1. For A:330-340, what's the mean count of beta carbons from other chains sitting within 10 Å of each residue's beta carbon?
2. Add -39500 (n - 2.57) for each DSSP H run of 4 or more in chain B, then divide by its residues: what number comes out at 222 nm, to the nearest 500 deg cm²/dmol?
3. Based on other C-beta atoms within 10 Å, arrange B:Leu222, B:Leu4, B:Leu215 from fewest to most.
4. Quantify how strongly other chains surround peptide A:254-265 by giving the mean number of their Cβ atoms within 10 Å of each of its Cβ atoms.
5. Give, rounded to the nearest 20 debye, the magnitude of the charge dipole that segment A:4-166 has about its Cα centre when Lys and Arg contribute +1 at Cβ and Asp and Glu contribute -1 at Cβ.
6. Placing +1 at every Lys and Arg Cβ and -1 at every Asp and Glu Cβ, with all other atoms neutral, what dipole size does chain B have around its Cα centre, in debye to the nearest 20?
7. Taking the Cα centre as origin and putting +1 on Lys and Arg beta-carbons and -1 on Asp and Glu beta-carbons, what dipole magnitude results for the protein assembly as shown, to the nearest 20 debye?
8. Order of A:Asp127, B:Asp137, A:Asp325 from fewest to most other C-beta atoms within 10 Å?
Amino acid sequence: MRSAAWRISLWATLAFACGTMLVFLFLHRFVAADIQRRTDAWLSGEVEVLGDVAGHTPKDALYGAVVGEVAELAAKEVPNRLRSESSSNDSVFFLQAGRDGSLKLWVGAGDGVANLKAIKANEILPDRPRDLNVNGFTIPFRVASIRMDDGSHIYLGLSERDELRVLRYLRNRFVGWWLLLVLFGFGIVFFTTRRMLTHVRRISEAASRIGHSDLNTRVPTTERNDEVAQLALTLNGMLDRIESSMHQLHTITDSLAHDLRSPLTAIRGKLEMSLSAATQIEQNEPIVSAIEELDRLTDFLNKSLDVAEAKADALRLSRTELDLDELLRVMIDLYEPSMSEKGTQLRLRSAGPLKIEADAGLIHRMIANLFDNELKHLPAGCTVTIQLRVDDDTALLVFEDNGPGFAPEVRRHLFEGRVKGSGSNGHGLGLAFIDAVVRAHGGRVSALNRDEGGVYISVALPLAAKEENLPVAH
Amino acid sequence: MRLLLVEDEPDIRRFLQTSLEEAGYQVGAAADAKTAENLATEGTFDILIVDLGLPDKDGISLILRLRQMGVSAPVLILSARRSVDDRVRGLEQGGDDYLTKPFALAELLARLRNLLKRNRPSGNESTRLRVLDLELDLLRREASRSGQVLQLTPQEFVLLEYLCRNAGRVVTRSMILDMVWGMRIQPDTNVVDVHIYRLRGKVDGKGQQPLIRTLRGVGYVLKDR
């Protein structure tokens with residue numbers, strides 16, 4: 001569940017981050033282009049003014065000083081200027097190159113040789129400023145030029161330092177805010193998704209708890225009217241319908257049980273009365289066998305209804321804590337004499353107390369059924385091995401014998417009920433009943449023939465949800 | 001002993017009334033909850049048998065109503081329902097008992113006796129049980145017949161003790177399973193019979209009068225005379 005919230009918020013944040021980044025890149029390009037356009041306009045204007053001044057100033061001793069002064073003044077009006085604390089002007093240079101390419105006039109930091117060299121290496125056309133990398137400067141210059149009447153060239157260069165600084169400032173500011181926004185967005189998305197998913201998780205937890213027999217509870221609902229709340233309402237509606245049909249089934253089986261049991265009770269009572277009235281043994285015999293038949297019929301009725309309800313997942317359980325180990329020992333105590341009378345050996349391998357939460361009555365009957373099965377179907381001289389252990393967080397009960405195993409015609413329909421081997425005298429509900437009870441408790445049964453012969457029946461039941469089942473030396 | 005029987009099925013009511021009167025109870029019978037309430041106000045009863053499915057009222061509601069009216073006698077609940085209702089379980093913890101239909105008369109009588117015994121202030125519980133020449137020492141868990149100590153397993157001792165406590169009365173297989181092994185099951189094999197058979201082999205030696213009798217179709221009885 002945590003991973004879903006993570007995934008959703010990660011993807012949402014990624015999309016948001018990429019989107020804002022793209023928008024910023026576009027803005028950045030636009031701003032950079034605009035700054036350059038302004039720089040170029042200034043450069044072109046200034047170089048023209050300087051060219052004009054240089055053209056009109058007589059080429060005397062004062063020429064250098066006059067033009068230099070004008071160039072210095074121009075340098076003070078540099079656009080995008082951020083800092084002016086350094087008095088030495090290293091962001092602008094003015095250079096006049098003679099027709100022969102010699103340095104005629106230089107205003108700027110240094111001696112201008114490197115700049116001239118760079119200018120010579122790159123052709124700079126008038127009215128088309130371009131970038132120029134100068135040896136000794138890490139930041140390139142933007143350089144504009146103009147051709148004088150006397151064949152010399154005037155170059156005006158502006159360091160791109162300030163432009164780059166503006167852009168860097170913009171980027172830093174953006175990245176800071178962007179990170180903050182992305183984190184904030186991630187937090188919001190994560191929080192809301194998790195809140196929503198927590199509700200979904202609560203619903204699914206409640207739904208799984210409702211499980212087999214506990215149909216009274218409902219999944220939690222909220223006051224909001226979103227899809228999740230809708231889901232909870234839908235689930236609850238479904239549970240209402242299931243509960244009502246379950247209730248109907250119970251009513252049917254209950255009234256069926258009642259309608260059959262009342263006459264059975266009356267018949268049994270009458271039989272018992274006539275039994276106590278009968279004085280001769282010959283009169284007793286038919287009454288006794290009638291009572292026995294009646295008891296078998298009652299048992300069949302009980303099991304049939306249990307199997308029917310369990311198949312509809314409607315078996316009612318009243319769970320208590322139950323120690324399977326203790327129960328098995330009592331059962332073995334009960335069945336051992338009958339087994340040894342038949343020449344069957346019983347062996348128990350148990351790892352000690354094993355607690356489950358189960359309906360004691362049903363579990364008793366289920367395990368008695370397992371023993372009855374072995375007692376009825378095993379020929380003399382066989383061994384039944386019973387194992388009880390914890391396996392994969394379930395209580396695993398295994399009945400194994402070295403008898404003839406299930407007959408082929410029975411094997412395919414083991415759990416369906418009303419199937420029995422030709423030699424069996426039961427009503428064939430045994431395994432169906434076992435399966436029904438175990439499934440009602442959320443466990444599972446498997447029954448098969450062992451490769452080396454004999455029957456293997458394993459019953460897996462959920463453990464009680466307590467730490468008492470830690471292995472105990474026994 | 002005055003007993004109030006509340007059962008709507010006429011057949012069952014009639015047979016129960018006859019059998020209970022034979023067993024020595026004075027029976028007041030009611031077919032519905034209203035009659036039962038009237039009978040309960042007219043006289044006092046030592047014990048009640050209440051069927052859960054009454055025409056005019058749920059059996060549990062009737063019991064609760066009677067309790068409100070001050071009837072404190074123990075109740076044996078008869079149920080034709082399949083599983084034991086949680087509410088019945090609740091009542092059972094309050095000192096009452098239940099029995100599912102159909103039942104053996106012997107079991108009904110045994111449960112009635114148990115309820116009456118539970119409710120009566122018990123005097124000094126004897127540490128010895130004696131039936132004819134059979135003697136049980138409950139402290140040392142030892143049984144002897146005609147002075148001869150019997151070699152019994154602990155389980156056989158419990159079984160014999162149960163038979164002795166009900167000496168002269170019929171106990172059924174399901175009662176034995178419930179009281180000795182603590183399980184309400186109906187095995188379709190002869191497990192209980194084999195236990196009785198073994199016990200009989202030890203208790204009824206050669207030349208002695210057989211004490212443990214089998215009543216086919218009903219159960220067993222330990223003779224007390």
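1. Per residue, the average neighbour count from other chains is 6.
2. Per the formula, -12000 deg cm²/dmol.
3. B:Leu215, B:Leu222, B:Leu4
4. The per-residue average across the peptide is 6.
5. Once rounded to the nearest 20, the dipole reads 740 debye.
6. Roughly 780 debye for chain B.
7. That gives the protein assembly as shown a dipole magnitude of about 600 debye.
8. A:Asp127, B:Asp137, A:Asp325
Any read-out appearing in this document is the output of simple, stated calculations on the displayed coordinates, not a laboratory observation. Fair warning: this is a prediction, and the values are worked out from it, not measured in the lab. Positions of Cβ are backbone-derived with ideal geometry, glycine not excepted, and every protein chain shown enters the neighbour counts.
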